[in-house]
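Enquirer: One structure coming up, written as C-alpha cells, with questions to follow.
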Amino acid sequence: MTLDGKKMTLLGACSVLAFSTVSIAEEATTEATNSANSNIEEIVVTTRQTTFANNGTDQVMLDQQPDASSVLSAVNNLPGIFIAEGGPFGSDDWSTTISIRGFNVGLAEQQVGMTIDGLPNGNSNYGGGSKANRYLDSENLQQAAVSQGTADISSPSHEALGGTINFISNNPYEEQRFWAGLSIGNNNAQRYFFRYDTGEIAEGTTAYFSYSHTTNDAWIGNAGGTTRDHAEFKIVSEQDEWTFTGRASWDDAWENNYQRISLAQFKENPDWDRLTDVVTGVPYIDQVYRPAWGTLRENWFGYVRAEYEDEQFSFDVTPYYHENSGRGDWLPPYVALISGGTVKDETTYGGSLSGGYTFTDSSGSPLAPNAGCTAKLTFPYGGGAPANNPPCLPAGANPGNSYRHAHYGKQRIGVTANGAYDVSENDTVRVGLWWENTDRDESRDWHRVLDPRSGIQFNNTPYWVQYDNTFNTKTLMLYTENTLDVGMLSIRAGAKKYLVDLKLHDNFGNSSDVEYASDSDILFTAGLNFEATEELELFAGFSQNFAAIKDSMVENAATRADLDLSDLEPETADNFDVGLRFNSGNIKATLTGYYIEFNNRITLISNGDSVTGIDYAGEQDNVPFNVGGIESKGIEASLSMDFAENWNFYTSVTVNDSKYKDNTPVSVKDNKVALSPEFQLVGTLSYYNDGIRAGVSAKHVGERYGNFKNTDQLPAHTVVDAWLGYTLDEGTIPGISQIDVSLNVTNLTDKRYLGGGTSGSYFIGAERQATANLTLKF
C-alpha cells in the first residue's frame, strides 16, 4: 500500500467509524494538569475499587528515563515486572524481553497482554508483532498501568495470561503550545522531538501533533545501529455528556540486532555478543556481520472513540485500524540448493532446502574441499566444516552466500464496546465485546550477495522464494460482570468467552489450507474489595485467563509434512490474588500475594539454537510445543513515601517461585521456569523543589535459571540509574515560556549482566548511557 493509501485508510477509519472505547487499564482515568512553575505534568489517578493487583507509573518513574527511551522502560520499577532491553533506549525489538510472574514476552513466548489506550497492540512477537514503543513516544505517555495476574475482565487481549500493561497517551493542552526537544548521548545518540498543541480550536476541542527522529549506533562494536521516525496525532472533544477522541500514530524503524550468547561465552567476554563489525569475505564468518542482522518495521495505528456517561448509564465504542509491514534480515553462509518448487524468471518458488554451497570456481560451479583437508575455522558456532574454510578450497575459489529476507505484513481492523448500567445505587452491571479481523502475510526470499568479498549488497531479484503464507485470525470476546456494593464491601463476579478462528493459506497452492478453532471455555472472574478504613482496603481476586493459539505458532504447518500440530492446546491460567492497599497521602503502599496454575504452556523450540556448523534443518525455524504446566506463587510489595520536604523514597520487592509441573521433552518437573527472576528489589530516592529534580534508582535482580534443564544459573545483578534536571519558567528568555535541561544516566556503574533471551541463550544488557536533554516550550 502506498503512503497516501495508508493515510486515506486511517482517515477513512476515523471519519466513517466514529466510535470509541474507554481506557480499561485498572479502570483508571487520568488527567494531566500543567503546573504553573514547572514542566512536570502532575498525574492525578482516580481508581474505582479493584479486586486485583494493579500498579501504575508515577512522575518519578518517567523522569528516571531519558526522553529518547522506550516507553516500556517506564514500568521496570513496578513490583513483579522485569524489562530487559539489549539496545540503548530499547532500540532493538529483537532483544527486548518482559517477564511478569513467570510469564514472558520474547522471541519464544507472548504471554503478557499489551494495550494502547485500552486497545490491543496486535500481539508482541517479533514476526509481525508491535510492542508499545512502536505506538508511543515518551513525551506523549501519560501513564503505564499494570494489572498483574487477574486483569480487568474487559481487557481486549488473548495473550494476557500474566496480566496486561496498558500504555495511556496524554491529552492535548488546553492552551496553544509548541515544543522542541533535543537529546544527545553516548554511541552517537541523537534525537529531535517536536510537538504542537493547538489549544482550543472549537468549543471543548483540543489537539496535538508530534514528530521525533532518533538515531544511535550499536553499543557493542563499531558497526550497526538504529534509525527511527515517529509521529502522533490526537484530538479530544468534550461535549456535555459525550467525549470524542481520535488518535493516530506512525512509526518507521530500522534496527540492527544484538545476538544471544551462552552463559559460558558471557563469562569468557561479557562485552561482546559475537557479532562482527567488518566483512571478511568468508561467508561462514560473515553470517554474524551485525549490519546484516536487521529489523525493519513500519506501523500505522489509529482509532476513534465516543464515550457517553450520565448519572446511571455509560458506554463507549471504539473502532481501530492497524497496519504493520517490515522485514527481518540475515546473511546465511551459503547459497541454497533447492529441491522441488516452480522456476519462473530465474526465481524458484516453493520447494525445500536440500543443502548449500559456499565456494565456486570461476564458472560458478560449486566446489568441494580439497581431499584430506580437515582444517576448520574456530569462529563462529563451532567453526563449521572444512567446506567453510578457504585454505581447504582450491586456489581462486570464489565465496558465495545469500541475503535472506523474512517479509512481514499485517492489517487489523476491530472494535471494542463496553457498557455499564447502575441497576440501583449499589448494583452495577457491565457488558462488552471485542471483535477483530487480522490478515497477516509472511514470506521469505533469498538473494545472492553480489560480491561477498566487498560487502553485503545483494541482487534485488531473489533466486528463491522459500514460502509465502497468509494468515487470517477472527476474534470475538464477550463478557459480562456484576458489581454489588454492600456497605464497605464490594463484590464482583463475571464471565467471558473467546471465539478465535485461525486460518493458514499457502499462497503457492502446494498444500491445503490449515484451520484451527482456538476457542476458550467460559472463563470466570470473581473478587472482593473491603474498605477497612479511609486509608486501607483489602482485596481478593480470581480469574481464568486464556491465550489463543497464534498464527506464529503454526506458520510451518502448511510447508512441513512431518509437523503435526493437531494436539497443540491453547494456554490457560488460573490466577488468585489477595492483598492490601494503603494510602494516607504521603505514604502509599501495596502488598499482594498470588498463586497461579498455568496449563499447556507453549514454547517455540528452534533447531538452530545450538548450531555447530551449517545445519540446514535449522532453516525449518521454530516449532511450538506444549511444555506442560507451571505453578507460580509469590509476593509483590511497594512503598512510596514523601518525607522531609520535597523528598520521596520508593521501593518495590518481588519474590516469585515458578516451577514446571510436568516432565516433558524440554522441561523437568519441579525445575524453575527459565528466565523468570525469583527475587527483585528496587530502591529510588528522588528530590523536587523550585524547578530542580534529581534522583537515583537501583534495581537488584537475583540469580535465576536460564534454561529448561536448570543447568545455567544466571548471575545476580544490580543496575543503577541517576538523573538531574532543572526547569526555567517564563520570563527567563523573552518569547520562550519554559526551558528544561536534564541529564539521565542509565546503568550508571556500567554493569555487564544478562537480560532476557531464550532457553540457553541470552542477551547482554545495554551498557551505561548518558543522555543530555534540552526542551524548549513556546
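Enquirer: Which count do you get for residues in region 681-701 that are open to solvent by 10 Å² or more (accessible area, probe 1.4 Å) and more than 19 Å from Val745 (Cα to Cα)?
Expert: 3
Enquirer: Also: Looking at the structure I just gave you, is Gly328 closer than 30 Å to Gly129 by Cα, out of contact with any helix residue (DSSP H, G or I) (no Cβ under 7 Å at 6 or more places or on another chain), of a type in the set (Gly, Ala, Ser) and open to solvent by less than 40 Å² (accessible area, probe 1.4 Å)?
Expert: It is true that Gly328 is closer than 30 Å to Gly129 by Cα, out of contact with any helix residue (DSSP H, G or I) (no Cβ under 7 Å at 6 or more places or on another chain), of a type in the set (Gly, Ala, Ser) and open to solvent by less than 40 Å² (accessible area, probe 1.4 Å).
Enquirer: A further question follows. Would you be able to say whether some residue in region 176-189 is within 27 Å of Val500 (Cα to Cα) and part of a strand (DSSP E or B)?
Expert: Within region 176-189, none of the residues are within 27 Å of Val500 (Cα to Cα) and part of a strand (DSSP E or B).
Enquirer: May I pose another question? Any residue at all in region 291-307 that is in contact with a Cys (Cβ under 8 Å, 6 or more places away or on another chain), under 30 Å from Gln239 (Cβ atoms) and of a type in the set (A, V, I, L, M, F, W, C)?
Expert: Yes, there is a match, as at least one residue in region 291-307 is in contact with a Cys (Cβ under 8 Å, 6 or more places away or on another chain), under 30 Å from Gln239 (Cβ atoms) and of a type in the set (A, V, I, L, M, F, W, C).
Enquirer: Could you please let me know if Thr651 is free of Cβ contacts under 8 Å to residues at least 24 places away in the same chain and of a type in the set (Ser, Thr, Tyr)?
Expert: When the stated conditions are applied, Thr651 does not pass them.
Enquirer: I would also like to ask the following. Out of the residues in region 558-582 that are open to solvent by 20 Å² or more (accessible area, probe 1.4 Å) and in a strand (DSSP E or B), which is modelled with the lowest pLDDT?
Expert: Ranking the candidates gives Thr572 first.
Enquirer: Something else about it: Inspect region 130-143 for any residue being part of a strand (DSSP E or B), out of contact with any Asp or Glu (no Cβ under 6 Å at 6 or more places or on another chain) and farther than 28 Å from Arg492 by Cα and give the result as yes or no.
Expert: Within region 130-143, one or more residues are part of a strand (DSSP E or B), out of contact with any Asp or Glu (no Cβ under 6 Å at 6 or more places or on another chain) and farther than 28 Å from Arg492 by Cα.
Enquirer: Here's a follow-up. For region 496-517, indicate whether the set of residues that are within 30 Å of Tyr421 (Cα to Cα), open to solvent by 60 Å² or more (accessible area, probe 1.4 Å) and not in a strand (DSSP E or B) is non-empty.
Expert: No, that holds for no residue.
Enquirer: Going through Val304, Val288, Val278, Val335 one at a time, which residue ends up being open to solvent by 20 Å² or more (accessible area, probe 1.4 Å) and either under 30 Å from Asp422 (Cα atoms) or in contact with a strand residue (DSSP E or B) (Cβ under 8 Å, 6 or more places away or on another chain) (or both)?
Expert: Just one listed residue meets the conditions, Val278.
Enquirer: Shifting gears a bit: Taking Gly113 and the conditions (1) in contact with a strand residue (DSSP E or B) (Cβ under 6 Å, 6 or more places away or on another chain); (2) open to solvent by 10 Å² or more (accessible area, probe 1.4 Å), which numbered condition does it fall short on, given that it satisfies the others?
Expert: Unmet for Gly113, out of (1) in contact with a strand residue (DSSP E or B) (Cβ under 6 Å, 6 or more places away or on another chain); (2) open to solvent by 10 Å² or more (accessible area, probe 1.4 Å): (2).
Enquirer: Just need a number here: residues in region 377-389 that are surrounded by fewer than 17 Cβ atoms within 10 Å (Cβ to Cβ) and either closer than 22 Å to Leu119 by Cα or touching a residue at least 12 places away in the same chain (Cβ under 8 Å) (or both).
Expert: Number of matching residues: 2.
Enquirer: Of everything in region 703-728 that's acidic (Asp, Glu) and assigned to a loop (DSSP other than H, G, I, E, B), which residue is most open to solvent (accessible area, probe 1.4 Å)?
Expert: Only one residue tops the list, namely Glu703.
Enquirer: Let me ask something else about it. What about Asn472, is it open to solvent by 20 Å² or more (accessible area, probe 1.4 Å), more than 30 Å from Gly364 (Cβ to Cβ) and polar (S, T, N, Q)?
Expert: Yes.
Enquirer: Here is a further query. Looking at Glu534, Glu555, which one is part of a loop (DSSP other than H, G, I, E, B) and more than 30 Å from Gly634 (Cα to Cα)?
Expert: So the residue among Glu534, Glu555 that is part of a loop (DSSP other than H, G, I, E, B) and more than 30 Å from Gly634 (Cα to Cα) is Glu555.
Enquirer: So, one more: Looking at region 670-702, which of its residues are touching a Lys or Arg at 6+ places or on another chain (Cβ under 8 Å), among the charged types (D, E, K, R) and not in a strand (DSSP E or B)?
Expert: The answer is Asp670, Glu678.
Enquirer: Taking region 106-118, which residues are in a strand (DSSP E or B), at pLDDT 90 or above and touching a Lys or Arg at 6+ places or on another chain (Cβ under 9 Å)?
Expert: Those that are in a strand (DSSP E or B), at pLDDT 90 or above and touching a Lys or Arg at 6+ places or on another chain (Cβ under 9 Å): Met114, Ile116.
Enquirer: Having 3 or more residues that are modelled with pLDDT of 95 or more and in contact with a strand residue (DSSP E or B) (Cβ under 8 Å, 6 or more places away or on another chain) is the bar; report the strands (runs of 3 or more DSSP E) wholly within region 729-778 that clear it.
Expert: By residue number, 738-746, 761-764, 769-777.
Enquirer: For the condition farther than 21 Å from Ser70 by Cβ, assigned to a loop (DSSP other than H, G, I, E, B) and aliphatic (A, V, I, L, M), what is the one hit in Val304, Val279, Val236?
Expert: Val279
Enquirer: Considering only region 180-203, state which residues are closer than 19 Å to Thr775 by Cα, without any contact (Cβ under 8 Å) to a residue 24 or more places away in the chain and hydrophobic (A, V, I, L, M, F, W, C).
Expert: Phe194
Enquirer: Hey, does region 287-301 have a residue that's out of contact with any Asp or Glu (no Cβ under 9 Å at 6 or more places or on another chain), outside any helix (DSSP H, G or I) and under 23 Å from Ala132 (Cβ atoms)?
Expert: Looking for residues that are out of contact with any Asp or Glu (no Cβ under 9 Å at 6 or more places or on another chain), outside any helix (DSSP H, G or I) and under 23 Å from Ala132 (Cβ atoms), one finds none in region 287-301, hence no.
Enquirer: Of all residues in region 749-770, which are within 19 Å of Thr684 (Cα to Cα) and in contact (Cβ under 8 Å) with a residue 40 or more places away in the chain?
Expert: Arg768, Gln769, Ala770
Enquirer: Among all residue pairs at least 6 apart or on different chains, which show Cβ distances below 6 Å where the first residue, located in region 206-226, is in contact (Cβ under 8 Å) with a residue 12 or more places away in the chain and the second is small (Gly, Ala, Ser) and open to solvent by 20 Å² or more (accessible area, probe 1.4 Å)?
Expert: Ala218/Gly224
Enquirer: Just checking, does region 317-332 include any residue being of a type in the set (S, T, N, Q) and farther than 30 Å from Glu85 by Cα?
Expert: Yes, region 317-332 contains at least one residue that is of a type in the set (S, T, N, Q) and farther than 30 Å from Glu85 by Cα.
Enquirer: On to the next question. Please specify each residue of region 165-179 satisfying the condition of being out of contact with any Lys or Arg (no Cβ under 8 Å at 6 or more places or on another chain), within 24 Å of Asp229 (Cβ to Cβ) and either open to solvent by 30 Å² or more (accessible area, probe 1.4 Å) or not hydroxyl-bearing (Ser, Thr, Tyr) (or both).
Expert: Phe167, Ile168, Asn170
Enquirer: Limited to region 390-403, what total is found for residues that are touching a strand residue (DSSP E or B) at 6+ places or on another chain (Cβ under 8 Å) and either open to solvent by 40 Å² or more (accessible area, probe 1.4 Å) or not in a loop (DSSP other than H, G, I, E, B) (or both)?
Expert: Final tally of qualifying residues: 5.
Enquirer: Please indicate, with yes or no, whether at least one residue in region 492-508 is free of Cβ contacts under 8 Å to residues at least 12 places away in the same chain and out of contact with any helix residue (DSSP H, G or I) (no Cβ under 7 Å at 6 or more places or on another chain).
Expert: Taking every residue of region 492-508 in turn, none turns out to be free of Cβ contacts under 8 Å to residues at least 12 places away in the same chain and out of contact with any helix residue (DSSP H, G or I) (no Cβ under 7 Å at 6 or more places or on another chain).
The values are calculated or read from the model by the stated rules, or taken from the named source; none is laboratory data. All figures in this text were calculated on a predicted structure; none of them were measured in a lab. Heads up, the Cβs are rebuilt from the backbone with ideal geometry, glycines too, and the neighbour counts pull from every protein chain shown. We work out accessible area using only protein heavy atoms, side chains counted, and drop any ligands, DNA or RNA first. Shrake-Rupley method; radii C 1.70, N 1.55, O 1.52, S 1.80 Å.
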